[in-house]
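Everything on this sheet refers to the single structure shown next.
The values are calculated or read from the model by the stated rules, or taken from the named source; none is laboratory data. Not measured: the values here are computed from a predicted model. Cβ: placed from backbone, ideal geometry, glycine included. Neighbour counts: every protein chain shown. In case anyone asks, the SASA skips ligands and DNA or RNA and just uses the protein heavy atoms, side chains included. Shrake-Rupley method; radii C 1.70, N 1.55, O 1.52, S 1.80 Å.
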2 protein chains.
Amino acid sequence: METTSSWKAHGGTQGVYRHASSATGTDMHFAVYVPPHDKGAKLPVLWYLSGLTCTHANVMEKGEYRAACAKHGIIFVAPDTSPRGDDVADDDSYDLGQGAGMYVDATETPWAPHYRMRTYVEDELPGLIGDVFPADMTRQSITGHSMGGHGALTVGLRNPERFRSLSAFSPIVTTIGAPWGRKSLTAYLGGDEAAWRPYDACALIADGARHPHIRIEQGGDDEFLAEQLRTGVLRDVCAELGQDITIHLRPGYDHSYYFISSFMADHIAWHAERLKV
Amino acid sequence: METTSSWKAHGGTQGVYRHASSATGTDMHFAVYVPPHDKGAKLPVLWYLSGLTCTHANVMEKGEYRAACAKHGIIFVAPDTSPRGDDVADDDSYDLGQGAGMYVDATETPWAPHYRMRTYVEDELPGLIGDVFPADMTRQSITGHSMGGHGALTVGLRNPERFRSLSAFSPIVTTIGAPWGRKSLTAYLGGDEAAWRPYDACALIADGARHPHIRIEQGGDDEFLAEQLRTGVLRDVCAELGQDITIHLRPGYDHSYYFISSFMADHIAWHAERLKV
């Protein structure tokens, strides 16, 4: 692992790192904020999965998470959203290929060789974080935005014992039931929707997955809400099947980082309560 | 004035606006954050002047000021750093021309026709802000970064009755005594250094300007500290001439927005104490 950038920030260290990923077969970048802490201390970890077109850098620059992470003593990890490189399959559209990995392990041509973001964020990168940073990997939570909100919910629902709490900003709550999901999962996984169900938060809950702490923040003026995000489908599935969920619909807010940053400190405080248990 | 973008953020409104400036003879963009407030209320104003290469957008995206402005009820105004356009004089270097206006009214060819950033930030834009936003123009303070820290200190020292408090992150404290200043002021104002003194914070204090509330934040690992920023020159001038000043040297911090955002909330709280008087 190589440190490509490092800045002192809010008393801690914001770094960007590069490593050769065995999961994706490419070099991957990720960002980690380590707050000020006592020597030898092990700190809980909050994962943040980013949305379409993003890299590790968007939330690092615009997410306004460092003050809250410094206050609560939480490490913040932001992976990239796909493998990248000249020899990595891509597509001209913004919602498929590089920058749009959807946190799945692809099985289809030409995506299968490198698009293994499930394995990367679920297995490989946690191993590296636990080895290299002062992280207490028995205390993890996860959040994300849009495509990354889908990632946070599905990674979390598949691994409820690993994550103390799951939250999401403006998540894609169903890949099966919305165009972004249908387009990318058809490409990455093929036409059999049974293979998509581990990558659909609503389907996971319908199939029996549960988590005691789920929180959603959704802007009421989000231009993608009705067609792509469909918060109401998750609300109805949870109500029908007895999954507790807290959904805050925030009037006037859109899909941008101006929305995310407005509620980031609240989400971190909410995760902190559960990470300190 | 035209609204080019607007987002709800931290309960208020972050907007970007464009207007035809009579000072510069160009269209100018600026950013304003108006926090949540009671209908009819008039709020104090904090000006933020940006550094070399920046537009209004850098601090808007990376400055982490909105939470503190919402908490204290302060309007935050971020102008651009120069006139811009195909018919506006420019230079290939990053520290002269577009993006590097230095907050001066240029007198030299080819800069004089459009490079009138002193008049723009000191006279024209305050008039517009007072007319269009719910601003109490009897309560203003000013801050800025690097070239914009120079701007904040010099605008503030020339107008001590207008600004309750002056602060700066990593400011250029002397244009006469540092390469960035010497290069740009030679170009904009010609070779007679007497004409530069209203645009040099240390010279203004030496020539008698005073302000009761000045605060500087300076990163100890700032790569520009020794040659370009020269905080110690200001410290010594203030000590010699009896100008009170608070200078915080922050070990380990550099010149970036990771430094600015780490102390932005502190600066806003400090200005808020003085704006509420």
Check: So what is the relative contact order of chain A, in percent, for Cα pairs below 8 Å that sit 6 or more residues apart?
Finding: 17 percent
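For B:HIS56, B:HIS213, give me the order by solvent-accessible area with a 1.4 Å probe, most accessible first, ignoring ligands, DNA and RNA. Write down the numbers at each step before the final one.
Working: B:HIS56 25, B:HIS213 65 Å².
Heavy-atom accessible area, descending, gives B:HIS213, B:HIS56.
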Next item on the list: Quick one: with label points 7 Å out along Cα→Cβ, list the inter-copy distances for A:HIS19 in nm, shortest first?
Entry: 5.2
Check: Between exposed trypsin sites (Lys or Arg not before Pro) in chain B, where DSSP calls loop and at most 14 other Cβ atoms lie within 10 Å, what's the longest gap?
Finding: B:40-209
Next item on the list: Take the solvent-accessible surface of the protein heavy atoms, probe 1.4 Å, and return the percent of it on the range A:2-275 that carbon and sulfur atoms account for.
Entry: 48 percent
Check: Using a label point 7 angstrom from Cα along Cα-to-C-beta, what distances in nm, from shortest up, separate B:ALA206 from the other copies?
Finding: 7.6
Next item on the list: Please list A:MET137, A:MET264 in order of solvent-accessible area, largest first, computed with a 1.4 Å probe with all protein chains present.
Entry: A:MET137, A:MET264
Item checked: Residue-level accessible surface for B:ILE247, protein heavy atoms, 1.4 Å, Å² -> 50 Å²
Checklist line | Residue pairs, from the table A:LYS71/B:LYS8; A:LYS276/B:LYS42; B:LYS183/B:LYS276; A:LYS8/B:LYS71; A:LYS42/B:LYS276; A:LYS183/B:LYS62, whose Cα atoms sit over 31 Å apart | finding: A:LYS276/B:LYS42; B:LYS183/B:LYS276; A:LYS42/B:LYS276; A:LYS183/B:LYS62
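Once you have a ≥ b ≥ c as the square roots of the Cα gyration tensor eigenvalues for the range A:156-263, tell me rounded if a/c is under 1.5, and otherwise prolate or oblate according to whether a/b is larger than b/c.
Numbers: a/c = 1.81, a/b = 1.19, b/c = 1.53.
Note, shape of the range A:156-263 comes out oblate.
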Check: Taking every eigenvalue of the Cα gyration tensor of chain A, multiplying by 5 and rooting it, what semi-axes result, largest first, whole Å?
Finding: 26, 23, 17
Check: How far apart are the B:VAL132 label points across copies, placing each 7 Å from Cα toward Cβ, in nm, shortest first?
Finding: 4.6
Checklist line | Rotation relating B and A, chain A residue nearest the axis via C-beta, angstrom | finding: A:GLU64, 3
Notebook entry, point to check: Among A:THR154, B:THR174, A:ALA265, which residue has its Cα positioned farthest towards the positive end of the charge dipole of the protein assembly as shown, with +1 placed on the Cβ of Lys and Arg, -1 on the Cβ of Asp and Glu, and the dipole taken about the Cα centre?
Noted result: A:ALA265
Next item on the list: For the range B:141-247, give the magnitude of the charge dipole about the Cα centre (Cβ charges: +1 Lys/Arg, -1 Asp/Glu; no others), in debye to the nearest 20.
Entry: 340 debye
Item checked: Residue with peak Gaussian network fluctuation, chain B [Cα springs, cutoff 10 Å], from B:LEU128, B:LEU185, B:LEU49 -> B:LEU128
Item checked: Total accessible area lost when A and B pair, probe 1.4 Å, Å² to nearest 100 -> 1900 Å²
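For chain B, what does the helix formula give at 222 nm: sum of -39500 (n - 2.57) over DSSP H segments with n ≥ 4, over the residue count, nearest 500 deg cm²/dmol? Spell out each step's value before the answer.
Numbers: 8 runs with 80 residues, N = 277.
That calculation yields -8500 deg cm²/dmol at 222 nm.
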Notebook entry, point to check: Which helices count as membrane-span-like in chain A under these terms: full DSSP H, at least 18 Å along the axis by C-alpha, Kyte-Doolittle mean of 0.0 or more?
Noted result: A:257-275
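For chain A, report the accessible area per residue in Å² (1.4 Å probe, heavy atoms, rounded to an integer).
Numbers: 9860 Å² over 277 residues.
In whole numbers, chain A has 36 Å² accessible per residue.
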Next item on the list: Using DSSP to define loop residues, name the GluC sites (Glu not before Pro) in the range A:32-109 whose beta-carbon has at most 13 other beta-carbon atoms within 10 Å.
Entry: none
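DSSP loop (so not H, G, I, E, B), at most 14 other Cβ within 10 Å: list which GluC sites (Glu not before Pro) in the range B:117-221 pass both filters.
Working: sites: B:GLU122, B:GLU124, B:GLU161, B:GLU193, B:GLU217; in loops: B:GLU161.
Those satisfying the criteria are B:GLU161.
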